[in-house]
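Take a look at the structure below.
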Amino acid sequence: MPMQRRRLLGSALAGAALATTAAVPAAAHGRRVRTGIEVLAEDGFAELAGQKVGIISNPTGVLPDLSHEVDLMHASGKVDLVAVFGPEHGFRGVSQAGEGEDFFLDPKTGIPVYNAYNNKDQMAELLAEAGVETLVFDIQDVGSRFYTYIWTMYLALEAAGQLGLRFVVLDRPNPGTGRRASGPVLHPEHATFVGLKPIAQRHGMTVGELAGLFNGEFVPTPADLHVVKMRGWKPEMYFEETGLPWVAPSPNMPTVATAVAYPGTCLFEATALSEGRGTTKPFELLGAPGIDHAWAEAVQGLPGTRFREAYFTPTFSKWAGKVCGGVELQVTSRRDFDPIRTALAMIIEQRRAFPQYGWRSQDTTSFWLDKLTGNQAVRLAIEAGADVDDVTPLWAEELDAFSEQREPYLLYRRTA
């Protein structure tokens, strides 16, 4: 190989390695974050002593050795665990989006498992039926308003307050960091189970911090809330820096990279394009039949990203069994990547190049994008031909107000 070509190839490989390093932070050197369940166990489960305990959990409720907390609590003899409650996708994580899991007895422990997904009218009834005195929440969140586990937590807080129960949150990391909130804030008229209360699209909080915000600002009758904080977690950490194992929080959240992109690219659920469900890279592969290289070319150069012209065939969900053209999003620098701005820029360019693909809607007045962004201003601006830099200032004032509102509930020292 000629010397010049070898130099060019060496530079390209070095650049690719540098981009990968920038995209995925290194793990903390020999140090590991200790999650709320670990802290609870190390303290001999004292927080739960003498109480009939229920727990809201799913496959992410694990310790570093991947044993599950329900098994640990049951085997310890120190926790009177009387019920388990499963969120969307179920306690075992076997259900797809928009589904829970029917009542069953856990075959390993014999503990009854109830469906708590979107169960606003029955949550208090289920807790009373199970005889719960202290309700525990421990699920790995991904930091986005429309990820429904936080709203299961909210409804459980409401029910706990109504019944006078203790509510204990075992905290876990926000995998996309907890440094700042970003994106639009929900308007009440667009409240659904993908956003019940006015928080930012990417809230930048842990579930323990969110529980404090919910309990202090939105729950009609506040519960007796206790948060078992993590040890060693800093808000600027990405998940790989925690030293903890990643367990997919839901069937279409297989990797940390998915979770980093999701607060933005989930907006494609509001379009006619596939958001990659039914592929190996959900929320990173995006497209529809008939889309070609023009889209990938139009979005190159967005900060912290690169795009590959991609073709894929979803096995289920939108365009199942159809060949789709589109893009694969790759994040080259997480620090520079803004998932919400990126996704909106992608949508704007897609609509310009391939206008045949519009919004998903239930009718002419109910658009999925309004539910996901939490307001209609974003959609109306895009429809009027706005560029992404015209759209992002629309929520600045409301985001500033939310950032100020959340400040008293932050539990971990922020350095940026």
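Under a 5 Å amide H to amide H cut-off, with H placed in plane at 1.01 Å, what residues pair with TRP359 once short-range neighbours are removed?
none
Return the calculated 222 nm mean residue ellipticity for the chain, to the nearest 500 deg cm²/dmol, obtained by summing -39500 (n - 2.57) across DSSP H runs with n ≥ 4 and dividing by the residue count.
Helix-only estimate at 222 nm: -9000 deg cm²/dmol.
Take the solvent-accessible surface of the protein heavy atoms, probe 1.4 Å, and return the percent of it on the chain that carbon and sulfur atoms account for.
The C+S portion of the solvent-accessible surface of the chain is 52 percent.
Compute the projected area of the convex hull of the Cα atoms of the range 94-236, averaged over all viewing directions, and report it in nm² to one decimal place.
For the range 94-236, the mean projected area of the Cα convex hull comes to 9.3 nm².
If you keep only loop residues by DSSP, which chymotrypsin sites (Phe, Trp or Tyr not before Pro) in the range 265-374 have at most 14 other Cβ atoms within 10 Å of their Cβ?
PHE316
Express the accessible area of the chain per residue in Å², computed with a 1.4 Å probe while the remaining protein chains stay in the model.
Dividing the accessible area of the chain by its residue count gives 41 Å².
Given a cut-off of under 8 Å on Cα pairs at least six residues apart, what relative contact order in percent is computed for the range 180-318?
Once normalised by length, the contact order is 14 percent.
How large is ³J(HN,Hα) for each residue in the range 212-223, as worked out from phi by the Karplus curve 6.51 cos²θ - 1.76 cosθ + 1.60 (θ = phi - 60°), to whole Hz, x for Gly and Pro?
x, 4, 4, 5, x, 10, 10, 6, x, 10, x, 7
In 5 Å bins starting at zero, report the fraction of Cα pairs in the range 162-315 per bin as a rounded %.
Per 5 Å bin, starting at 0, the Cα pair percentages come out as 1, 8, 13, 17, 17, 16, 13, 7, 4, 2, 1, 0.
Semi-axes of the equivalent ellipsoid for the range 295-381, please: Cα gyration tensor eigenvalues, times 5, square-rooted, ordered largest first, whole Å.
Taking √(5λ) for each eigenvalue gives 22, 19, 12 Å, largest first.
In whole Å, what are the Cα extents of the range 353-416 along the three principal axes, biggest one first?
48, 26, 18
Long-range amide H contacts for TYR114: which residues qualify at under 5 Å (H placed 1.01 Å from N, peptide plane, sequence gap of 5 or more or a different chain)?
VAL84, PHE85, GLY86
In percent, how large is the relative contact order of the chain, given Cα pairs closer than 8 Å and 6 or more residues apart?
16
For the range 206-232 and the range 109-181, what is the centre-to-centre distance using only Cα atoms, to the nearest Å?
A separation of 11 Å, based on Cα centres.
Restricting to bridges with both residues inside the chain, how much of the DSSP beta-bridge set is antiparallel, in percent to the nearest 5?
Antiparallel bridges: around 50 percent, rounded to the nearest 5.
What is the set of long-range amide H partners of CYS324 at a cut-off below 5 Å, with H atoms built 1.01 Å from backbone N?
Under 5 Å from the amide H of CYS324: PHE312, THR313.
Using just the alpha carbons, could you tell me how many Å³ per residue the convex hull of the chain encloses?
163
Using Cα pairs under 8 angstrom and six or more residues apart, how large is the relative contact order of the range 252-299, in percent?
Contact order relative to length: 30 percent.
For the range 291-299, take each phi angle, set θ = phi - 60°, evaluate the Karplus expression 6.51 cos²θ - 1.76 cosθ + 1.60, and give the result in whole Hz per residue in order, putting x for glycine and proline.
7, 10, 4, 4, 6, 4, 5, 6, 9
Spelling out what I want: for every residue of the range 225-234, take phi, set θ = phi - 60°, compute 6.51 cos²θ - 1.76 cosθ + 1.60 (Karplus), and round to whole Hz; glycine and proline get x.
Here the 3J(HN,Hα) series is 8, 10, 10, 8, 6, 6, 10, x, 8, 10 Hz.
Of the beta bridges DSSP finds with both residues in the range 102-207, what % are antiparallel, to the nearest 5?
Around 60 percent of the beta bridges assigned by DSSP in the range 102-207 are antiparallel ones.
The values are calculated or read from the model by the stated rules, or taken from the named source; none is laboratory data. Keep in mind the model is a prediction, meaning the values are calculated, not measured. In this analysis, Cβ positions are derived from the backbone assuming ideal geometry, glycine residues included, and neighbour counts consider all displayed protein chains. For the accessible areas, the whole protein counts, side chains as well, though only heavy atoms, and no ligand, DNA or RNA atoms are used. Shrake-Rupley method; radii C 1.70, N 1.55, O 1.52, S 1.80 Å.
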